[in-house]
Amino acid sequence: MDLGNGSLATPYSVIRLSVTGSTQDDASRAYRGRPVVVISDRQEYGRGRRDRTWITAAGAVAVSVACEPRWPVDRWGLLSLLAGLQAARTLGGEVSLKWPNDLLVGDEKVGGVLVEAAGGVAVAGCGINLWWPDSPRGMTGLDDHPPSASRRDEIANAWAEGFLEAALDPGGGGFSLDDYRSRCVTLGQWVTWGTQSAGRAVGISSGGELVVETAAGRRRLRSEEVSHIRGAPGED
């Protein structure tokens with residue numbers, strides 16, 4: 001375990017692995033009151049929202065951060081948006097955001113984020129597919145060549161420091177909901193939830209919920225309520 005030497009005022013520890021089961025689990029276990037960052041080239045049991053299995057590319061990086069955010073508890077629902085926004089900022093302009101936790105290049109998924117919280121501690125994770133020559137449909141890699149160790153570490157450390165800088169600032173640091181909205185391709189898309197409910201996504205609330213327009217009016221949805229996001233009926 002190394003001491004992070006970034007620009008943050010709050011010290012944090014870094015654990016660097018080549019392979020692990022889950023960086024989320026590692027960060028949770030390693031947390032002892034000081035922020036901890038876990039970086040791995042590969043996860044064997046990575047997971048996404050609703051405990052879905054995270055499929056890892058041939059050239060990937062996974063990073064998780066455990067900390068005690070200094071935001072009011074009623075704003076912790078925004079932490080997953082912070083994680084996604086920081087990933088998009090780290091990776092560059094071609095990466096867009098699909099609410100609540102996907103990173104896209106065009107229509108293909110290049111990564112994802114996950115935030116889990118319990119007992120006043122949040123564990124935020126980010127998995128990025130950097131190189132994937134034979135990717136399955138709907139998935140892709142960010143680069144056209146295998147990533148170097150320095151490329152992996154540069155991305156992971158930049159994301160982790162950006163997340164920590166904002167999460168440990170009671171004022172939110174550099175987090176901007178307007179910036180998130182401007183990068184979010186979910187807005188304008190058709191959303192389904194429950195068994196038969198559907199509507200068009202028209203906004204993101206101050207608490208991070210997706211705002212949808214339905215025949216009965218507007219409704220706010222939490223991430224666990226949404227089952228599918230796609231183009232509006234009749235669109236290609």
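Here is how the numbers come out for the structure above:
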quantity: Options 135, 96; residue that is hydroxyl-bearing (Ser, Thr, Tyr) and more than 20 Å from residue 183 (Cβ to Cβ); calculated: 135
quantity: Unique match (being under 20 Å from residue 206 (Cα atoms), assigned to a helix (DSSP H, G or I) and under 18 Å from the mean Cα position of the chain (by Cα)) among 152, 89, 75; calculated: 75
quantity: Subset tally (residues that are outside any loop (DSSP other than H, G, I, E, B) and either buried (at least 24 other Cβ atoms within 10 Å of the Cβ) or touching a helix residue (DSSP H, G or I) at 6+ places or on another chain (Cβ under 6 Å) (or both)) for segment 94-113; calculated: 8
quantity: Meets criteria (loosely packed, with under 15 Cβ neighbours inside 10 Å and touching a residue at least 40 places away in the same chain (Cβ under 8 Å)) for residue 147; calculated: no
quantity: Residue check for residue 196: crowded, with 16+ Cβ neighbours inside 10 Å and among the polar types (S, T, N, Q); calculated: no
quantity: Qualifying residues in segment 189-215 (those that are part of a loop (DSSP other than H, G, I, E, B), touching a residue at least 40 places away in the same chain (Cβ under 8 Å) and not acidic (Asp, Glu)) - the one nearest to residue 82 (Cα to Cα); calculated: 208
quantity: Which numbered condition residue 135 misses (of (1) small (Gly, Ala, Ser); (2) within 23 Å of residue 44 (Cβ to Cβ); (3) touching a Phe, Trp or Tyr at 6+ places or on another chain (Cβ under 7 Å); (4) surrounded by fewer than 24 Cβ atoms within 10 Å (Cβ to Cβ)); calculated: (3)
quantity: Residues that are touching a residue at least 40 places away in the same chain (Cβ under 8 Å), in contact with a helix residue (DSSP H, G or I) (Cβ under 7 Å, 6 or more places away or on another chain) and either of a type in the set (D, E, K, R) or more than 12 Å from residue 65 (Cβ to Cβ) (or both), drawn from segment 21-46; calculated: 41, 43
quantity: Residue check, residue 163 out of contact with any strand residue (DSSP E or B) (no Cβ under 7 Å at 6 or more places or on another chain), assigned by TED's automatic domain parsing to the domain that holds residue 102 and of a type in the set (Phe, Trp, Tyr); calculated: no
quantity: Candidate set: segment 208-226, residues that are among the small types (Gly, Ala, Ser) and surrounded by fewer than 14 Cβ atoms within 10 Å (Cβ to Cβ); chosen: the one modelled with the highest pLDDT; calculated: 217
quantity: Inter-residue pairs, beta-carbon under 7 Å, first assigned by TED's automatic domain parsing to the domain that holds residue 35 and in segment 66-82, second hydroxyl-bearing (Ser, Thr, Tyr) and surrounded by fewer than 23 Cβ atoms within 10 Å (Cβ to Cβ), 6+ apart; calculated: 66/28; 66/31; 81/180
quantity: Checklist (1) in contact with a strand residue (DSSP E or B) (Cβ under 7 Å, 6 or more places away or on another chain); (2) among the aliphatic types (A, V, I, L, M); (3) in a strand (DSSP E or B); (4) closer than 30 Å to residue 34 by Cα applied to residue 117, failing item; calculated: (1)
quantity: Hits in segment 53-72 - residues which are part of a strand (DSSP E or B), surrounded by 23 or more Cβ atoms within 10 Å (Cβ to Cβ) and not aliphatic (A, V, I, L, M); calculated: 64, 67
quantity: Positions within segment 155-184 being in a helix (DSSP H, G or I) and among the charged types (D, E, K, R), in sequence order; calculated: 161, 165, 178, 179, 181, 183
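The values are calculated or read from the model by the stated rules, or taken from the named source; none is laboratory data. Computed from a predicted model, the values in this text were never measured in an experiment. Quick reminder, even Gly has a Cβ in these numbers, built from the backbone with ideal geometry, and neighbours come from all protein chains shown.
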